[in-house]
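The values are calculated or read from the model by the stated rules, or taken from the named source; none is laboratory data. The model shown is predicted, which means the values in this text are computed figures rather than measured ones. Please note: Cβ atoms are built from the backbone with ideal geometry, for glycine as well, and neighbour counts cover all protein chains shown. Only protein heavy atoms, including side chains, enter the accessible area calculation; ligands, DNA and RNA are left aside. Shrake-Rupley method; radii C 1.70, N 1.55, O 1.52, S 1.80 Å.
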Amino acid sequence: MNEERLNHFDEKGHAVMVDVTDKAETEREAVARGTIYVTREIYDAIVAGTIEKGDVLGTARIAGIMATKQTPHLIPLCHPLTLTKAAIDFELHEETLSVDAVCTVKVKSYTGVEMEALTGSTVALLTIFDMCKGLDKKMRIGEIHVEMKSGGKSGTYIWEELK
């Protein structure tokens, strides 16, 4: 097998968890963003706080934070990490009838937290969908991506929109 193999595979091609034993423990941070597009009726109900199931964004915030801590249970080869920060913020965009879920995760560890940030953002969006689907199921989730990551051997990465 090629010397420059993917590090989630061993020399026989079997999936393995990456060995981070020799990596330096550093402060690491990742920010991920995703968007849910909704109808006018749903957008107005979220803003007014009139969704029957309750506080949509408050519930989605808690769900996203909880999800960051469950990432190694969902993604088979992720390392379990002791997170030092997990936060979900929302940006509402009336002009596009959309809500962005922005998840920021920090850790002091041997491996990064991109997967935790992506999981948090995605679960927050899924929670919005779940809480609003009784009003209308016409919603679309997308544009989920890592906006920024810092720390570790590869340093800082800042997302640039694909052209």
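Principal axis extents of the C-alpha atoms in the range 15-163 (largest first, rounded to whole Å): 53, 33, 27.
Can you pull out the trypsin sites (Lys or Arg not before Pro) in the range 52-108 whose DSSP state is coil and whose Cβ has at most 16 other Cβ atoms within 10 Å? Those that pass, being in a loop and sparsely packed, are LYS53.
On full extension, the segment bounded by ALA24 and TRP159 gains 46.2 nm, given 0.36 nm per residue less the C-alpha separation. For LYS133, a cut-off of 24 angstrom between C-alpha atoms picks up these lysines, skipping any fewer than 8 places away in its own chain: LYS53.
At a 1.4 Å probe, what is the % contribution of carbon and sulfur to the accessible area of the range 53-95? Intermediate values should be presented prior to the final figure.
Values: 1510 of 2630 Å².
Whole-percent figure for carbon plus sulfur exposure: 57.
Annotation for LEU74 and GLU143: the two label points, set 7 Å from Cα along the Cα-Cβ direction, are 2.0 nm apart. Within straight-line reach of LYS106, meaning a Cα separation under 20 Å, sit the following lysines at least 8 residues removed in sequence or on another chain: LYS23, LYS69, LYS85, LYS149, LYS153.
Take every DSSP beta bridge whose two residues both sit in the chain, then give the antiparallel share in percent to the nearest 5.
Details: 33 of 33 bridges.
Approximately 100 percent, going by the DSSP bridge assignments.
Accessible area per residue for the chain is 61 Å², calculated with a 1.4 Å probe on protein heavy atoms, without ligands, DNA or RNA.
Suppose a student asked you for the relative contact order of the range 1-149, using Cα pairs under 8 Å spaced at least 6 residues apart; what percent would you report? Can you show the working numbers first?
Numbers: 290 pairs, mean separation 57.1, N = 149.
Relative contact order of the range 1-149: 38 percent.
Shown here for the range 1-72: GluC sites (Glu not before Pro) in loop regions (DSSP other than H, G, I, E, B) with at most 11 other Cβ atoms within 10 Å, namely GLU3, GLU4, GLU11, GLU52.
For the range 102-163, state which GluC sites (Glu not before Pro) are in a DSSP loop and have at most 16 other beta carbons lying within 10 Å of their beta carbon.
On the way: sites: GLU114, GLU116, GLU143, GLU147, GLU160, GLU161; in loops: GLU160, GLU161.
Of the GluC sites (Glu not before Pro), the ones in loops of the range 102-163 whose Cβ has at most 16 other Cβ atoms within 10 Å are GLU160, GLU161.
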